[in-house]
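Only the coordinates and a few stated rules stand behind these numbers; no lab work does. No experiment lies behind these values; they were computed from the predicted model shown. In this analysis, Cβ positions are derived from the backbone assuming ideal geometry, glycine residues included, and neighbour counts consider all displayed protein chains.
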Amino acid sequence: MPYCRNCGTEMPEEARFCPGCGATIEEKTPATPEVAETIFRYVVVGLLGGFLSVMISIFAGETNLFFIPSFVASITVIFMYRISELKDSLIASLTIYLFAEGILGALVLGYSYAFQTPYEVIWEPQIWEVALYSFTPISAILAAYIGVKMGPKKKEQMVVSPRRREGPGGVIYSV
């Protein structure tokens, strides 16, 4: 049962006023981040991971790494931001994959436009390449799961009360 913060009287669960002193009871509401803050965080995570994925793809040169740059970027960013919930990790991973595809598409088409070169694809995919591209959404889910498992675990907070003792220079507090 809750107790009054003003007088310490034990109160029923549904009480709005203290039966002892009449003080108003403050309702506890769970602290949740605002929607705008949450969306902004996912956009920042997506952009950071997207640019990291694009950089990995660019450094690979002509080699097609398929889903690997976004996979590595997702795990890295989930670990860096210490995302510990699977739901948040999955949203971050899918956002990173989407931003990476968008940034790469903008770079390729922007290059084609800037240098007035037609965008031509001269490539006949093999069946294993089709399979690897089809694996991309599954790899996003896998990256989210691995990122959460690699990240730091939630620790239970220990309540340590400081000890107080008198010393020659005054009061000394220690844990």
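Here are some notes:
- FRET efficiency, Y119 to F40 (Cβ-Cβ, R0 30 Å, nearest 0.05): 0.35
- Note on R5 and I127: their simple-model spin labels are 6.8 nm apart, each label 7 Å out from Cα toward Cβ.
- Fewest-first ranking of I127, I83, I122, using other Cβ atoms within 10 Å as the exposure measure: I122, I127, I83
- Label-zone membership for region 109-150, site N64, 7 angstrom Cα→C-beta point, backbone N under 18 Å: 109, 119-139
- In this calculation the C-beta distance from F51 to V108 is compared with R0 = 22 Å, giving a FRET efficiency of 0.90.
- Order of I138, I103 under a 10 Å beta carbon neighbour criterion, fewest first: I138, I103
- Mean Cα-pair separation over length for region 35-150, i.e. relative contact order, pairs under 8 Å, 6 or more apart, %: 39 percent
- Fewest-first ranking of V35, V108, using other Cβ atoms within 10 Å as the exposure measure: V35, V108
- The overall shape of region 84-150, judged from the alpha-carbon gyration tensor, is oblate: a/c is not under 1.5, and a/b is no greater than b/c.
- Residues with amide H under 5 Å from that of A23, placed H, sequence gap 5 or more: C18
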